[in-house]
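The values are calculated or read from the model by the stated rules, or taken from the named source; none is laboratory data. Keep in mind that this is a model prediction, so the values were computed, not measured. Don't worry about glycine lacking a Cβ; one is built from the backbone with ideal geometry, like all the others, and counts go over all protein chains shown. Keep in mind that these areas ignore ligands, DNA and RNA; they rest on the heavy atoms of the full protein, side chains included. Shrake-Rupley method; radii C 1.70, N 1.55, O 1.52, S 1.80 Å.
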Amino acid sequence: MTATIAEPELSTLLYQGRWAWLRFNAYIGAMLGIAGMAMFGVGAYEENAFLYQILSMKGVMWGGTGALAGCGLAVVASTMKPVLLDAKMARNITPWLDGFVLMVILAAIWALFEPAQSQITYEDQSNLFAGRIIMAMNVIFIFSAVSYIAYLFAPESFIGRLATWTAYTGVFLGGSALLLRWHESYLFDMEIGHAPVSNLYEVFILLFCITAAVYLALEKRYEAKAMGAFVLSLVSAGVFFGIWLDSVGQSDIKPLVPALQSYWMKIHVPMNFVGYGSFAVACGAGMAYLVRHRLEAAGGTSKMLAIFPSLDQLDQLAYKAVAIGFPAFTLATILGAAWAAEAWGGYWSWDPKETWALIVWLIYGAYLHARVSHGWHGKALAWWAVAGFLITVFCFLGVNMYLSGLHSYGRLS
Amino acid sequence: MPRMQTFPDLLKSLWQRIGSMSLAIILLVVLAIASVIGTVLLQNQNQADYLQQFGPLWYWVFRSLGLFDMYQTWWFMSILGFLMVSLTSCLWRNVPKMLKDMRTRKAAVAEKSLKHFKYLHDWQMQDVDADQLQQSFRQRLQGWEFRQVEQDGVQYLRADKGRWNKWGYILVHSAILVVLVGGWIGSEYGFRGNMAVPEGSSEHEISFLQGTETGHLSMPFEVRCNSFSIDFFPTGAPKEFLSNLTIIDHGKEVLTSDIIVNEPLYYKGVRIYQSSFGDGGSDITFKMFHMDGSETITTAKTKVYQSWKDEKTGLSIKVTDFKPYNVENMANPGEVIDFQDLGPAVVYELRGPDLKPVKIKAFMNPFIDPKGKNQGSFMMVSLTGDKADYKPVSLGLDLTNPVEWKLFHAFMRQLAIVDKASKDANLTAFKTAMKEVFGAGKRPERMQDVAMRTLQAVNMLSALPWPMLPMLGDFEQHYYTGLQLAMDPGMNVVWFGSAMLVIGLCIMLYMPHRKLWLIIHPESKGLHITLAGMTNRNHLIFDQVFNDMFTQLDQDFRQNT
C-alpha cells in the first residue's frame with residue numbers, strides 16, 4: 001500500500017494545482033451564495049419550494065455571484081501566496097464537489113424520463129422514475145459487493161476493477177435518484193415538496209451512498225481494496241432492508257409533518273449520515289482486521305493475505321474512518337440540538353434519540369481515547385469499531401422501531 | 001520499610017488518577033451505559049401507569065432510585081460532576097506541559113532519543129554541499145516552519161507542521177467543560193414549562209413536572225391567544241399549526257405575532273413555542289331525543305369541559321372533548337388502511353339515576369359507507385370510560401333528518417295496533433306509518449334504505465337504557481393553543497462550547513503535528529545524513545510524506561554528483 005504516484009495526466013490536471021484550487025473556491029462561493037440567498041435574499045427562504053428557489057434566476061444570480069467572488073478571491077490569494085495552489089484541502093475536497101455536480105446533471109437528465117404530469121398521482125407513486133433508478137442502484141450495489149468478495153479470491157482478474165467501478169456507479173445512481181426524488185415530490189403539489197431526507201427509506205439511500213463514497217475515497221488514497229468486501233457487504237445488507245421497506249409501502253413520498261418543516265432538516269440529517277456512513281466504513285475496516293488476524297493465526301499461508309492491507313494499516317484505516325465520522329457526528333448532534341432549541345423549547349430533552357446519539361458519541365469518544373492511551377491497539381479496537389457500529393445501527397434504526405420519543409417521525413408506520 | 005504516604009501525597013496521587021486516560025474511558029462508558037436506562041424506561045409518565053406496569057415491589061425500587069426521572073437524579077448528576085472533575089484534572093496536568101511543548105522547539109536531537117523514532121533513515125553521501133541539501137529540504141516542505149542549529153559540528157534542521165495541534169486537544173476538553181457548565185446554568189437559572197391558552201383568553205402561569213409533582217411558575221407577562229388555526233395538506237395531513245399571540249406586559253399590549261412550529265416568539269429572554277393544541281371550551285348544542293315515545297326533540301346548550309343536567313330525569317352530561325375532524329381507519333383488520341374523516345364528534349360522560357355511567361363519542365353526521373349508502377347515525381360507547389373499550393353503536397335512524405324520527409314513532413304506534421300473529425305485521429304497520437307521515441301515495445327517496453333503518457332502530461333504540469339520547473346538533477369551535485415557554489440563560493454558553501468542540505476536533509484530528517529532522521554529520525569521506533520524523537496522528541499519510549522526502553533528497557543529489 002504505497003502512494004498512488006503514477007496517476008493519469010487528466011486527473012493530475014483536474015485535481016491538482018490551479019484548476020482544483022479555482023474550482024474549490026468557486027464551489028465554496030456558490031454554496032455561500034445560496035446560503036446567503038436563503039438567509040438574506042428577498043422572499044428569503046421558502047420552505048415549500050427551496051429546490052426551485054435554487055434553480056430559479058434568483059438562485060443562479062446568488063450562487064453565480066458567490067462562485068465568481070470565490071474564483072476572484074482564489075486568484076488573488078494564490079498570486080499572493082502560491083503555496084495555496086498545493087493546498088491539500090482543495091485537492092481532497094474538490095472531487096467530492098465535482099461528483100455532486102455530476103449527480104445534479106444526472107438528475108436533470110433523469111427528469112426527462114418522468115411520466116407526463118397527468119399520469120402522476122399521489123395515491124400511486126409507482127410510475128415515478130426515481131424508483132427505477134433506486135432499483136438499479138440496489139442491483140449495482142449488490143453486484144459490487146459480490147465482485148469485491150470475488151476479488152479476494154481472484155486478485156489478479158479484472159473483477160477488482162469492476163467492483164470499484166460498480167461501487168462508483170451505485171453512488172452516482174443513488175445520489176442522483178435522491179435529487180430526482182426531491183424534484184418529484186413537487187410534482188404532486190408544490191406544498192408537498194420537500195428535501196429527500198424525511199423518512200427511513202430516503203435516508204437509507206443516503207446512507208448507502210455516503211458509506212460507499214467514504215470507502216471509495218479511502219480505497220483511492222490508500223489502495224485498501226480488500227476492505228471493500230466488508231464495507232460493500234454492509235451496504236448490501238442495508239440494500240435488502242431498503243427493498244423490504246419499499247415492498248411494505250414505506251417508499252412513498254409523504255407531506256412533512258409541521259415539526260420537520262425547517263431548513264435545519266436539510267443540514268442536520270445529511271450531516272448525521274456522514275457520521276453513520278463513516279462509522280460503517282470503520283466497522284468494515286475492523287472486520288477486515290479481525291479476518292486478517294484470524295488468517296494470520298491460522299498459519300498465514302492464505303493467498304488472500306497478499307492483497308489484504310497489513311494489520312497496522314487496517315488499524316489506521318478504521319481510525320481514519322472514525323476521524324471522519326466523529327467530528328461530522330458531533331457537528332450533526334450540535335445542529336440537532338440547535339434545531340431542538342428552535343422547535344421544542346430546549347436544546348436537550350433526554351429524548352431517546354438524543355440520548356442514543358450521546359451514547360454513540362461517548363462510545364467513539366472512548367474509542368479515540370483508547371487509541372491514544374497505550375496498550376489499546378489492534379484487535380481490541382477492531383472489535384470496538386465493530387461493536388460501535390452495532391450501537392450506531394441501534395441509534396439509527398432501533399430507537400425508531402422500539403423506543404418512543406420526539407423523533408417518532410422516523411418510525412415505521 | 002515502605003515510606004508512609006502522607007495525606008497531601010495521597011491527594012496528589014488521587015488527583016492524578018482522576019485525570020488519567022483509563023478513568024476517562026471508564027467514565028465515558030459508564031455514562032453511556034447509565035444513559036441507556038432512561039431510554040428503555042419511559043421517563044416522566046403517570047405514576048399509576050408505572051405501578052401497574054412493574055408491580056409494587058419494582059415500582060418502589062425504581063422509584064427510590066429515581067429511574068422515572070433519572071437524568072435529574074443525584075447519582076446521574078454525580079457521574080457528570082465526576083466527569084467534570086476528571087476533565088479539570090486532566091487539563092490541569094497537561095495544559096502547561098503542552099503549552100511549553102508548543103513554545104519551545106529544540107532543533108537538536110540527542111543521539112539516544114533518535115533511536116526511538118518510528119520514522120528514521122540513515123545514509124551516506126559524497127561531494128554534496130550541506131547548505132544545498134538543506135535548501136532542497138526546505139523547498140520540498142512548503143508551508144512548514146524551520147529551525148536550525150549547529151551543535152558539536154552536527155547540523156540540525158527541524159521542520160514543523162501543525163504545531164498548534166495540541167490546541168485542538170485543549171479546546172475539545174475545555175469545550176466539554178463549558179457545555180456542561182452551560183447546561184448547569186440552564187437547569188439552575190432557567191425554566192421550561194407549558195401553558196394552555198384558550199382562544200380569546202390570556203394566561204400568565206406555566207406548569208412543569210418536578211419529579212413526580214407539578215410545579216407552577218408565574219411569568220412576568222401575560223400571553224393572550226387571539227386565534228389558533230390548522231392548515232392542511234391536500235392529502236388531509238396537518239401542515240401547519242398557527243397561533244396568533246399578543247403579549248401583555250403590565251396591562252399594556254406590547255407585541256402581537258404569529259407563531260408556528262419551528263418559529264418561536266422571543267420576549268424578555270423567554271422563548272414561546274407552539275407545542276400542542278386542543279379544545280378550548282367549544283360551544284356545543286345537543287339535540288336531545290326523548291326516548292319516552294313522545295317524539296320530542298329538545299336542545300341543550302353547553303360547553304366543552306362543562307356539565308349540563310336535566311332536572312326532570314336527573315340525567316347529566318359532562319362534555320370532555322370535541323373534535324371537528326375524526327379521521328379513522330375504516331378498513332377491516334388485514335385490509336389496506338383506509339382513512340376517512342367521519343366529521344365532527346363530541347365526547348361526553350353520561351350519568352343518571354339508576355344508570356351505569358358511560359363515556360360516549362357521538363358523531364354529528366350519519367355514517368355513509370364507501371358505497372354511498374346512509375347507515376344512519378352512530379356513536380361510540382365505552383362502558384369503562386377507557387378509549388380502548390369504545391364499541392360502535394349504530395342507531396339505525398339518520399337522526400339529522402327529523403322525518404325519520406317521526407316515521408319511527410308512527411311505525412312504533414302502528415306496530416302496537418296490528419295483529420302480531422299476522423305474517424305481514426311489520427309491512428302493514430310500516431305502510432300505514434308511511435301514509436301517516438308522508439300522505440297517501442308519496443314516498444321518500446331511497447325508500448328501501450329508510451325502511452331498513454327504521455326496522456333496525458326498533459331493536460337498537462329500545463335497547464338503550466337512557467331516557468334521552470344526546471346527539472351533537474351544532475357547535476362553535478374554540479381551540480386552546482398549547483404553548484411551551486422556556487428561558488435558558490446557559491444556552492449561549494452551550495453554543496460557545498459547541499463551537500469550541502467542533503473547531504477543536506478539526507484541529508485535533510485533521511492538523512496533526514508533524515516533525516521532520518534533517519541531521520547532517522560531516523565525516524571524513526562526505527556526509528552522514530539522518531532523516532527522522534514524528535507525527536501524533538495519521539501515520540498513513542506521514543509514512544508517504546517521509547518516504548517521498550527520502551527518495552527525492554536521495555535522487556536529487558545522486559544525479560547531481
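Across chain A, the relative contact order, built from alpha-carbon pairs under 8 Å that are at least six residues apart, equals 14 percent.
The peptide list B:317-325, B:115-123, A:340-348, put in order of mean Cβ contacts within 10 Å with the highest first, becomes A:340-348, B:317-325, B:115-123. Size descriptors for region A:9-123: radius of gyration and Dmax over Cα atoms are 17.5, 59 Å.
Residues of region A:245-263 that bury at least 40 Å² of accessible area when the other protein chains are present, relative to the chain alone (probe 1.4 Å, heavy atoms, ligands and nucleic acids excluded): A:PRO255, A:PRO258, A:GLN261.
Spin-label pair A:VAL83-A:MET135: with each label point 7 Å from Cα along the Cα-Cβ axis, the two points sit 5.6 nm from one another. Computed with the Debye formula from one identical point scatterer per Cα of region A:190-282, without solvent, the log10 of I(q)/I(0) at q = 0.13, 0.21, 0.23 Å⁻¹ comes to -0.51, -1.02, -1.13. Rolling a 1.4 angstrom probe over the protein assembly as shown with all protein chains present gives an accessible area of which 62% lies on carbon and sulfur atoms. Only helical runs count toward this figure. For chain B, summing -39,500 (n - 2.57) over DSSP H runs of n ≥ 4 and dividing by all residues gives -12500 deg cm²/dmol at 222 nm. With R₀ fixed at 51 Å, the C-beta to C-beta distance from A:MET190 to B:ASP152 puts the FRET efficiency at about 0.05.
Are there trypsin sites (Lys or Arg not before Pro) in region B:446-550 that DSSP marks as loop and that have at most 15 other Cβ atoms within 10 Å, and which are they?
Working: sites: B:ARG446, B:ARG453, B:ARG514, B:LYS515, B:LYS525, B:ARG537; in loops: B:ARG446, B:LYS525, B:ARG537.
Hits after loop and neighbour filter: B:ARG446, B:LYS525.
What is the calculated FRET efficiency for B:GLN135 to B:LYS115, with r their C-beta to C-beta distance and R₀ = 25 Å, to the nearest 0.05? That gives a FRET efficiency of 0.35. Note down the accessible area of A:PHE240, probe 1.4 Å, to the nearest 10 Å². We get 120 Å² for A:PHE240. Projecting the Cα atoms of A:GLY277, A:GLY228, A:GLN261 onto the charge dipole of region A:202-295 (Cβ charges, centred on the Cα centre) puts A:GLY228 farthest toward the positive pole.
Explain nothing, just the number: dipole magnitude of the protein assembly as shown about its Cα centre with +1 on each Lys and Arg Cβ and -1 on each Asp and Glu Cβ, in debye rounded to the nearest 20. Provide the component values of the computation, followed by the final result.
Numbers: 78 positive and 80 negative charges, 460 e Å.
In total the dipole reaches around 2200 debye.
Just need the relative contact order of region A:168-241 here, percent rounded to a whole number, with Cα pairs under 8 Å and 6+ apart.
The value is 30 percent.
Only protein heavy atoms count here; under a 1.4 Å probe, B:TRP164 has an accessible surface of about 130 Å². Just tell me the longest site-free run in chain B, where the sites are GluC sites (Glu not before Pro) in a DSSP loop having at most 10 other beta-carbon atoms within 10 Å. The longest such stretch corresponds to B:1-310.
When only Cα pairs under 8 Å and 6 or more residues apart are kept, what is the percent relative contact order across chain B? Across chain B, relative contact order equals 20 percent. Of the listed residues A:SER247, A:SER302, A:SER262, the order by accessible area with a 1.4 Å probe, largest first, is A:SER247, A:SER302, A:SER262.
Farthest towards the positive end of the charge dipole of chain B, among the residues B:TRP308, B:ALA237, B:VAL502, is the Cα of B:VAL502, using unit charges on the Cβ of Lys, Arg, Asp and Glu. The sum of -39500 (n - 2.57) across all DSSP H runs of n ≥ 4, divided by the residue count of chain A, sets its helix-only mean residue ellipticity at 222 nm to -24500 deg cm²/dmol.
Taking each residue as 0.36 nm, the span from B:ILE26 to B:GLN340 lengthens on full extension beyond its C-alpha to C-alpha distance by 107.6 nm.
Write down the Kirkwood hydrodynamic radius of chain B, to one decimal in angstroms, obtained as one divided by the mean of 1/r over all alpha carbon pairs. Kirkwood hydrodynamic radius for chain B: 32.7 Å.
Compute the semi-axes of the equivalent ellipsoid of region A:126-262, taking the square root of 5 times each eigenvalue of the Cα gyration tensor, and list them largest first in whole Å.
Values: eigenvalues 199, 37, 29 Å².
Listed largest to smallest, the semi-axes of region A:126-262 are 32, 14, 12 Å.
Here the protein assembly as shown has an Rg and Dmax of 36.4, 140 Å, counting Cα atoms alone. Dipole size of chain B about its Cα centre, with +1 on Lys/Arg Cβ and -1 on Asp/Glu Cβ: approximately 1200 debye, rounded to the nearest 20. Per the Debye formula on identical point scatterers at the alpha carbon atoms of chain A, with no solvent, log10 I(q)/I(0) at q = 0.06, 0.09 Å⁻¹ is -0.26, -0.60.
Note on B:GLU523 and A:LEU305: with the Förster distance fixed at 51 Å, the Cβ-Cβ geometry gives a FRET efficiency of about 0.75.
Our Cα-only numbers for region B:1-143 put the radius of gyration and Dmax at 28.2, 91 Å. When B and A come together, around 4800 square angstrom of accessible surface is lost from both chains combined, probe 1.4 Å.
State in Å² the accessible area per residue of the protein assembly as shown; use a 1.4 Å probe, count heavy atoms of protein chains only, and round to the nearest integer. If you can, show how the numbers build up before the last one.
On the way: 48260 Å² over 974 residues.
It amounts to 50 Å² per residue over the protein assembly as shown.
Semi-axes of the equivalent ellipsoid of region B:62-110 are 44, 8, 7 Å, computed as sqrt(5λ) over the eigenvalues of the C-alpha gyration tensor in descending order.
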